[in-house]
Amino acid sequence: MLKITDTFKQSLLEVYGEKENSCERFMALTKKYKEYFHMEEPEYFTSPGRMELIGNHTDHNGGKVLAASIQMDTIAAAGPNRTETVTILSEGYEQPFMLNLEKLETIPGDEGTLSLLAGIFQGCRACGFHVHGFQACISTNVLSAAGVSSSASFEMLICAIINYYFNENKMSCIDYARIGRYAENHYWNKQSGLMDQLACAAGGMIFLDFSDSEIPSVERMDPESILEGYDIILVNTGKGHGDLSRDYSEIPSEMKKAAAQMGKTVLSEASLPLLLKKLPMIRENCGDRSFLRSLHFYEENDRVDKAKSALINRNTEELLELINESGNSSWKYLQNCHIPSDTTEESVCVALALSELFIQNAGRGACRVHGGGFAGVILSIIPSGASQDYIRFMSEYMGGKNIFRMSLRDTGAIHLKQ
């Protein structure tokens with residue numbers, strides 16, 4: 001069984017704010033690890049899910065984001081095996097994932113977790129890092145395919161294992177994020193940026209600037225006092241993200257088409273005045289949605305800067321107003337609150353409408369579509385005194401099991417000291 005040292009207890013306390021429940025999770029992993037792999041004591045790793053407060057779909061065009069890691073996480077018990085084979089036993093899957101690191105080129109893309117793992121290992125090598133054989137048992141409580149980055153949480157967890165065992169902890173959170181992006185771009189055909197991965201890898205509340213796409217700026221913020229008196233609540237609206245890669249990829253693609261009409265590669269290289277000057281050309285050559293999504297980009301960047309100032313100045317009401325504005329822009333201009341081809345399925349819109357009704361009656365609060373959008377979760381920030389009423393109200397329509405009170409987490413993807 002897991003040896004509970006004082007150091008490990010302190011590690012759990014620092015990450016989770018408690019040690020009893022989290023310790024039980026790692027003890028269960030240890031049991032599975034020893035039963036399946038017949039190996040000695042493993043090391044332990046954790047990687048959080050994430051949320052973005054403002055900066056919806058801006059990272060891939062060189063934009064800005066205010067993001068944070070959350071207490072939902074993916075955890076692992078892992079150890080090296082002195083071979084070139086990786087074996088991963090993941091909770092919820094009957095069979096383990098097994099990869100020969102010397103034959104990664106034989107693994108096709110777009111085949112789920114196996115392809116993603118191959119992409120991570122290839123991405124590590126492409127970034128100049130070492131990968132060798134290991135085995136791991138993995139468990140997660142991050143909502144799957146719902147917009148809190150279950151895939152990025154998993155990717156960053158694997159990077160943390162590789163960093164600890166094979167790279168002398170020399171990999172940075174930006175290295176982690178690049179590797180995750182490589183895996184998704186090359187093995188999942190998903191044109192993601194670095195935001196999801198960075199928020200999971202870095203941890204805490206962070207201000208991100210992707211003007212330099214390869215070396216983004218990461219600045220830690222202090223969220224505690226400004227959110228005092230409010231509860232962060234995620235509402236899972238039902239439908240997952242599994243079949244929405246095309247809808248996601250169209251957003252950066254349409255933004256970049258508008259940028260091209262302005263003689264640029266991404267929108268951050270141009271400006272809102274230039275966008276308006278080129279509007280007739282953009283409408284004719286790219287379509288109206290390309291313009292509207294680009295308009296969202298420029299206004300969203302401005303909101304992130306204002307939100308950063310609100311955090312520094314401890315202006316809670318301004319921050320909440322900006323979050324509401326961001327959500328409305330995502331709904332109206334970015335258009336990622338429902339799937340355009342299916343008007344019978346608009347669960348995100350329904351959840352937002354109900355939340356706005358509640359917040360109007362409460363007099364304070366904010367709500368917005370969360371993550372990639374189209375399906376999955378919405379984010380609500382509700383006065384603490386009204387949060388239980390909000391949960392009851394939303395449970396009537398969305399089901400109580402789909403409502404989650406969240407707390408922020410200060411640590412990213414890490415090895416837990418024992």
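The values are calculated or read from the model by the stated rules, or taken from the named source; none is laboratory data. Note that the structure is predicted; figures quoted are calculated from it, not measured. Neighbour counts run over all protein chains shown; Cβ positions are idealised from the backbone, glycine included. Please note that ligands, DNA and RNA were not included when accessible areas were found on the heavy atoms of the full protein model with its side chains. Shrake-Rupley method; radii C 1.70, N 1.55, O 1.52, S 1.80 Å.
Among the residues in the range 259-279, are any open to solvent by less than 50 Å² (accessible area, probe 1.4 Å), within 30 Å of Ser380 (Cβ to Cβ) and of a type outside the set (A, V, I, L, M)? Write out each step before concluding.
Kept after step one, since they are open to solvent by less than 50 Å² (accessible area, probe 1.4 Å), are these residues of the range 259-279: 259, 261-262, 266-268, 270-271, 274-275, 279.
When the remaining residues are screened for being within 30 Å of Ser380 (Cβ to Cβ), the result is 267-268.
Then keep just the ones that are of a type outside the set (A, V, I, L, M); that gives 268.
So far as the range 259-279 goes, yes, one or more of its residues are open to solvent by less than 50 Å² (accessible area, probe 1.4 Å), within 30 Å of Ser380 (Cβ to Cβ) and of a type outside the set (A, V, I, L, M).
Please specify each residue of the range 122-135 satisfying the condition of being in contact with a strand residue (DSSP E or B) (Cβ under 7 Å, 6 or more places away or on another chain) and either part of a helix (DSSP H, G or I) or of a type in the set (Phe, Trp, Tyr) (or both). Break it down into steps so the answer makes sense when it comes.
The first filter runs over the range 122-135 and keeps only residues in contact with a strand residue (DSSP E or B) (Cβ under 7 Å, 6 or more places away or on another chain), leaving 132-135.
Correct list: Phe134 only.
Give Ser347, Ser387, Ser395 a once-over and let me know the one that is crowded, with 19+ Cβ neighbours inside 10 Å, outside the structural domain of Ala199 (by the TED database), of a type in the set (Ser, Thr, Tyr) and touching a strand residue (DSSP E or B) at 6+ places or on another chain (Cβ under 7 Å). Walk me through how you get there before you give the answer.
Working: Ser347 fails: touching a strand residue (DSSP E or B) at 6+ places or on another chain (Cβ under 7 Å); Ser395 fails: crowded, with 19+ Cβ neighbours inside 10 Å.
Only one candidate passes the filter, namely Ser387.
Exactly one of these conditions fails for Tyr230: (1) within 21 Å of the chain's Cα centre (by Cα); (2) closer than 26 Å to Met398 by Cβ. Give me its number.
Of everything listed in (1) within 21 Å of the chain's Cα centre (by Cα); (2) closer than 26 Å to Met398 by Cβ, Tyr230 misses just condition (1).
Of all residues in the range 283-324, which are in contact (Cβ under 8 Å) with a residue 60 or more places away in the chain, open to solvent by 30 Å² or more (accessible area, probe 1.4 Å) and either closer than 20 Å to His60 by Cα or in contact with a Leu (Cβ under 7 Å, 6 or more places away or on another chain) (or both)?
Scanning the range 283-324 gives Asp305, Lys308.
Checking the conditions here, which among Leu354, Leu334 is under 25 Å from Met72 (Cβ atoms) and surrounded by 21 or more Cβ atoms within 10 Å (Cβ to Cβ)?
Values: Leu354 fails: surrounded by 21 or more Cβ atoms within 10 Å (Cβ to Cβ).
Within the list Leu354, Leu334, the selection yields Leu334.
Count, please, the residues in the range 56-95 that happen to be open to solvent by less than 30 Å² (accessible area, probe 1.4 Å) and in a loop (DSSP other than H, G, I, E, B).
Count: 5.
Residues that are among the hydrophobic types (A, V, I, L, M, F, W, C) and closer than 28 Å to Ser172 by Cα: find the strands (runs of 3 or more DSSP E) completely inside the range 200-307 holding 1 or more of those.
Here the list reads 205-209, 217-221.
Determine, yes or no, whether Ala177 is touching a residue at least 24 places away in the same chain (Cβ under 8 Å), open to solvent by less than 30 Å² (accessible area, probe 1.4 Å) and in contact with a Lys or Arg (Cβ under 8 Å, 6 or more places away or on another chain).
Taking the combined requirement at face value, the residue does not satisfy it.
Taking only the range 207-236 into account, find how many residues are outside the structural domain of Leu379 (by the TED database) and surrounded by 24 or more Cβ atoms within 10 Å (Cβ to Cβ).
Residues meeting the conditions: 2.
Output the residues belonging to the range 133-167 that are touching a helix residue (DSSP H, G or I) at 6+ places or on another chain (Cβ under 7 Å) and on the phi > 0 side of the Ramachandran plot.
Ser149
So which of Arg293, Arg246 ends up being among the basic types (Lys, Arg), within 30 Å of Asn402 (Cβ to Cβ) and modelled with pLDDT of 95 or more? First the steps, then the outcome.
On the way: Arg246 fails: modelled with pLDDT of 95 or more.
Result: Arg293 is the single residue among Arg293, Arg246 that is among the basic types (Lys, Arg), within 30 Å of Asn402 (Cβ to Cβ) and modelled with pLDDT of 95 or more.
Could you please let me know if Leu114 is in a helix (DSSP H, G or I) and either under 20 Å from Tyr187 (Cβ atoms) or open to solvent by 30 Å² or more (accessible area, probe 1.4 Å) (or both)? Give the steps one after another, and end with the answer.
Details: in a helix (DSSP H, G or I): yes; either under 20 Å from Tyr187 (Cβ atoms) or open to solvent by 30 Å² or more (accessible area, probe 1.4 Å) (or both): yes.
So Leu114 fits the description; yes.
Cβ-Cβ under 8 Å, sequence separation 6+ or interchain: first residue in the range 81-110 and touching a residue at least 12 places away in the same chain (Cβ under 8 Å) and in the same structural domain as Glu40 (by the TED database), partner surrounded by 11 or more Cβ atoms within 10 Å (Cβ to Cβ) and among the basic types (Lys, Arg). Which pairs?
Leu89/Lys32
Looking only at residues that are assigned to a loop (DSSP other than H, G, I, E, B), of a type outside the set (A, V, I, L, M) and surrounded by fewer than 24 Cβ atoms within 10 Å (Cβ to Cβ) in the range 136-158, which one is farthest from the chain's Cα centre (by Cα)? Break it down stepwise before answering.
Filtering the range 136-158 for residues assigned to a loop (DSSP other than H, G, I, E, B) gives 141-149.
From what's left, of a type outside the set (A, V, I, L, M): 141, 144, 147, 149.
Add one more test, that the residue is surrounded by fewer than 24 Cβ atoms within 10 Å (Cβ to Cβ), and what stays is 141, 144.
Details: Asn141: 14, Ser144: 11 Å.
Only one residue fits best here, namely Asn141.
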